[in-house]
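Structure, as structure tokens:
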Amino acid sequence: MQQFEMLEHAHFCPAADNDIVLIFSGRKILVYRENDKFRFPHAKEVAFQTDSKLLKFGHIGEYNCLTGEIGIQQNNSLESLDLREVMQFTSPAEAASANRARQLLYWLREHQFCGVCGNKTEQSDHETAKVCPECGEVSFPRVSPAVITAITKGDQMLLAHNRKFKKGLYSLVAGFVEAGESLEQAVAREIKEEVGVEVKNIKYFGSQGWPFPHSLMVGFTAEYADGEITPDGKEIVEAQWFDVDKLPYLPSSTSISRKIIDSVIEKLSPAE
């Protein structure tokens with residue numbers, strides 16, 4: 001199976017005909033429809049409105065991957081879809097390329113000017129970085145660590161509904177790591193803040209880059225220790241214990257939250 005491999009030095013260049021192009025407009029990305037299937041288009045399939053240079057950031061097999069937020073001419077075979085939806089039906093390599101592309105574009109938009117002196121920044125000529133020609137400040141793509149945790153009590157799992165979720169969707173408790181915190185401290189704090197319970201036996205599960213907008217999701221499992229479920233009412237509007245054989249609507253299989261949930265289900269489900 002082909003893998004996505006990132007370049008150490010992402011840089012702007014014109015697209016060659018066979019390059020895979022990931023064209024964004026906000027959180028939406030262009031996909032090519034072909035016999036009711038979707039894929040990212042090659043440059044020769046996209047009619048650019050201008051002689052645009054795109055950011056070359058990696059490759060899948062023999063195909064380079066380039067990205068940008070640029071205009072194209074109308075093409076009935078191209079559709080603009082939400083990135084979350086697209087990542088559910090693309091290959092792991094394509095999903096990884098879209099993840100990287102979206103985070104790089106967000107970073108480029110955020111760092112057009114130096115945060116120290118306010119001067120306009122320039123692209124580094126040897127690494128993926130923005131450089132201020134005035135004061136020399138170097139800015140690399142931002143990565144924000146966040147923790148996400150499956151909490152178990154016996155053969156039950158605590159799942160929560162965030163006010164931003166689709167109706168009926170439940171997932172794991174998650175939140176960003178604060179300055180000076182360890183990951184384990186962030187797990188305990190976020191769970192206490194958002195659902196009011198305390199946990200023990202916090203164990204690392206795995207991690208996943210997540211482009212909404214520039215997160216590194218670090219997954220854990222933990223066991224219930226004390227307290228009554230009390231949603232904070234700000235982010236979490238509902239939370240409860242679920243039997244592993246009676247679970248609600250869950251996140252897609254592409255997310256680390258679902259991977260952790262599936263792992264817990266496998267562990268807690270009775271052997272046949």
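No value in this document is a laboratory result; all are computed from the given coordinates. These numbers were taken from a predicted model, which means no experiment stands behind them. Reconstructed Cβ throughout: ideal geometry from the backbone, glycine too, with neighbour counts over all protein chains shown.
Observations
- Residue match in the stretch 20-31 (condition: crowded, with 16+ Cβ neighbours inside 10 Å and more than 21 Å from the chain's Cα centre (by Cα)): no
- Test: residue in the stretch 129-146 that is among the polar types (S, T, N, Q), within 25 Å of Trp210 (Cα to Cα) and out of contact with any strand residue (DSSP E or B) (no Cβ under 6 Å at 6 or more places or on another chain): no
- Residues located in the stretch 76-125, provided they are among the hydrophobic types (A, V, I, L, M, F, W, C), without any contact (Cβ under 8 Å) to a residue 60 or more places away in the chain and more than 20 Å from Tyr63 (Cα to Cα): Leu81, Leu108, Phe113, Cys114, Val116, Cys117
- Residues located in the stretch 162-203, provided they are small (Gly, Ala, Ser) and either under 16 Å from Val218 (Cα atoms) or without any contact (Cβ under 8 Å) to a residue 60 or more places away in the chain (or both): Ser171, Ala174, Gly175, Ala179, Gly180, Ser182, Ala186, Ala188, Gly196
- Scan of the stretch 107-131 for residues that are more than 13 Å from Phe12 (Cα to Cα) and among the polar types (S, T, N, Q), ordered by number: Gln112, Asn119, Thr121
- Every residue from the stretch 4-19 that is surrounded by 13 or more Cβ atoms within 10 Å (Cβ to Cβ) and either outside any strand (DSSP E or B) or of a type outside the set (A, V, I, L, M, F, W, C) (or both): Glu5, His9, His11, Pro14, Ala15, Ala16, Asp19
- Selection of the stretch 198-228 for residues being of a type in the set (Val, Ile, Thr) and in contact with a helix residue (DSSP H, G or I) (Cβ under 6 Å, 6 or more places away or on another chain) yields Val199, Ile202, Val218.
- Test: residue in the stretch 224-231 that is among the β-branched types (Val, Ile, Thr) and farther than 30 Å from Thr90 by Cβ: yes
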